[in-house]
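The values are calculated or read from the model by the stated rules, or taken from the named source; none is laboratory data. Treat the numbers as computed from the prediction; the structure is a model and nothing was measured. Glycine gets a Cβ as well: all are built from the backbone with ideal geometry, and neighbour counts include every protein chain shown.
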Amino acid sequence: MGDPLTFLGLSEDHSLDPDIVILPVPYELTTSYGQGTMQGPEACLRASAQVELYDPRLSEDIPAGAIIRTVDPWTSEAGTLKEQLSSVSEYLSKWLSDESIFPVVLGGEHGLLPAEIEALSSHPMLDGELNNLTIVQFDAHADLRDELDGDPWSHACAARRTLDLGIGAILQIGVRAWSREEAEFSSNDSRVHTHLASDILAVCGGEEAWDSVMKELTSLSGPIWITVDIDALEGYLVPSTGTPVPGGLTWWHLESALAQIFDSKDCVVIGADVVETVPDQAGSLTPFTAAMIATRLVGGHLHRSIQ
């Protein structure tokens, strides 16, 4: 069977307590268009072995003295969707409730987001008060539907369900495919602030809109969970994903935004995910892009932790 896959192809000593954990969650039960996110975590791990370990924010290459552990992937034989999500929460809870560990979840479809938030609820920085938590969501979709095809736990409802759980705020960046229901919900709920890709990328005014996004990221405070649905990016960067949408963010939009979050002085990123990766039918750009995002998240955490 060969050696198990590790993040960035690094050697790992599991006798040591980890500083960073990589959590593959091949969850796929409610995809509504393209399939294949179940294979996303493995593809991302394979691609990560080709990602450069150099990060200019760090004085040495990743892992830069930290202990990174790639955990065995989540599996479940639960019979219902709700039971599957409970199983995901149980799998994640050990790692998402430890203040000394930085978790990066590799998905899988975005429907796992509410399970992540459930697992975070006992994190010491939250102490059971999810209203202290802000989610920063990079996504082509708002995921604010109350249900899709009668299913309230669809990936299209993931952000809405986290609000039901009691999180304090969601900052959405890159949205460009949403329903009237979602647009009205975002406009009427003070907990949701949605930055549209059409504003960010506008020929006239786009730079001002992006400056507004960056200022909002600078002013973040308290505990932060970053969720990156890779379809936030333009399709040429992620040609294979669950629900591709034209008109997305550039790589440099995403990279600069992630860097700004970790540089923001009044907030603490307590974990992150990279979801909706699907292996490319030809080539490997999509999982490689996902692996680079995960690497930037790890680098941002390491940079912040040594400041």
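Numerical summary
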read-out	value
Unmet criterion (only one of (1) surrounded by fewer than 23 Cβ atoms within 10 Å (Cβ to Cβ); (2) touching a Pro at 6+ places or on another chain (Cβ under 8 Å)) for SER264	(2)
Filter result (surrounded by 14 or more Cβ atoms within 10 Å (Cβ to Cβ) and assigned to a helix (DSSP H, G or I)) within segment 199-211	ASP199, ILE200, GLY206, ALA209, TRP210
Subset of segment 258-270 [of a type outside the set (Phe, Trp, Tyr) and either in contact with a Lys or Arg (Cβ under 6 Å, 6 or more places away or on another chain) or not in a strand (DSSP E or B) (or both)]	LEU258, ALA259, GLN260, ILE261, ASP263, SER264, LYS265, ASP266
Test: VAL278 is over 16 Å from VAL104 (Cα atoms), free of Cβ contacts under 8 Å to residues at least 60 places away in the same chain and crowded, with 22+ Cβ neighbours inside 10 Å	no
Residue within segment 245-257 that is over 20 Å from ALA47 (Cβ atoms), assigned to a strand (DSSP E or B), in contact (Cβ under 8 Å) with a residue 40 or more places away in the chain and in contact with a Lys or Arg (Cβ under 9 Å, 6 or more places away or on another chain) present	no
Only one of ILE117, ILE101, ILE67 that is on the phi < 0 side of the Ramachandran plot, among the hydrophobic types (A, V, I, L, M, F, W, C) and without any contact (Cβ under 8 Å) to a residue 60 or more places away in the chain	ILE67
Complete set of residues in segment 139-173 that are farther than 26 Å from ASP127 by Cβ, of a type in the set (A, V, I, L, M) and surrounded by 20 or more Cβ atoms within 10 Å (Cβ to Cβ)	ALA140, ALA142, LEU144, ALA156, ILE173
Complete set of residues in segment 193-219 that are among the aliphatic types (A, V, I, L, M) and over 17 Å from the mean Cα position of the chain (by Cα)	LEU196, ALA197, ILE200, LEU201, ALA202, VAL203, ALA209, VAL213, MET214
Checking TYR27 against (1) in a loop (DSSP other than H, G, I, E, B); (2) at pLDDT 95 or above; (3) of a type in the set (Phe, Trp, Tyr), the condition it does not meet	(2)
Of residues in segment 271-289 being among the polar types (S, T, N, Q) and either at pLDDT below 90 or not in a loop (DSSP other than H, G, I, E, B) (or both), the one farthest from VAL238 (Cα to Cα)	GLN281
Selection status of ALA142, without any contact (Cβ under 8 Å) to a residue 40 or more places away in the chain, touching a helix residue (DSSP H, G or I) at 6+ places or on another chain (Cβ under 9 Å) and hydrophobic (A, V, I, L, M, F, W, C)	no
Spans of helices (runs of 4 or more DSSP H) in segment 80-176 with at least 2 residues in contact with a Gly (Cβ under 8 Å, 6 or more places away or on another chain) and either modelled with pLDDT of 95 or more or over 20 Å from MET38 (Cα atoms) (or both)	113-120
Among (1) over 17 Å from the mean Cα position of the chain (by Cα); (2) modelled with pLDDT of 95 or more - the single one ASP3 does not satisfy	(2)
Search result, residues across segment 212-232 that are in a helix (DSSP H, G or I) and among the hydroxyl-bearing types (Ser, Thr, Tyr)	SER212, THR218
Subset of segment 189-212 (residues that are in contact with a helix residue (DSSP H, G or I) (Cβ under 7 Å, 6 or more places away or on another chain) and among the aliphatic types (A, V, I, L, M))	VAL192, ILE200, ALA202, ALA209
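Here is a yes/no grid of residues against (1) among the aromatic types (Phe, Trp, Tyr); (2) modelled with pLDDT of 95 or more; (3) part of a loop (DSSP other than H, G, I, E, B):
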| residue | (1), (2), (3) |
| --- | --- |
| ILE22 | no, yes, no |
| GLN39 | no, no, no |
| CYS44 | no, yes, no |
| ALA47 | no, yes, no |
| SER59 | no, yes, yes |
| ALA66 | no, yes, yes |
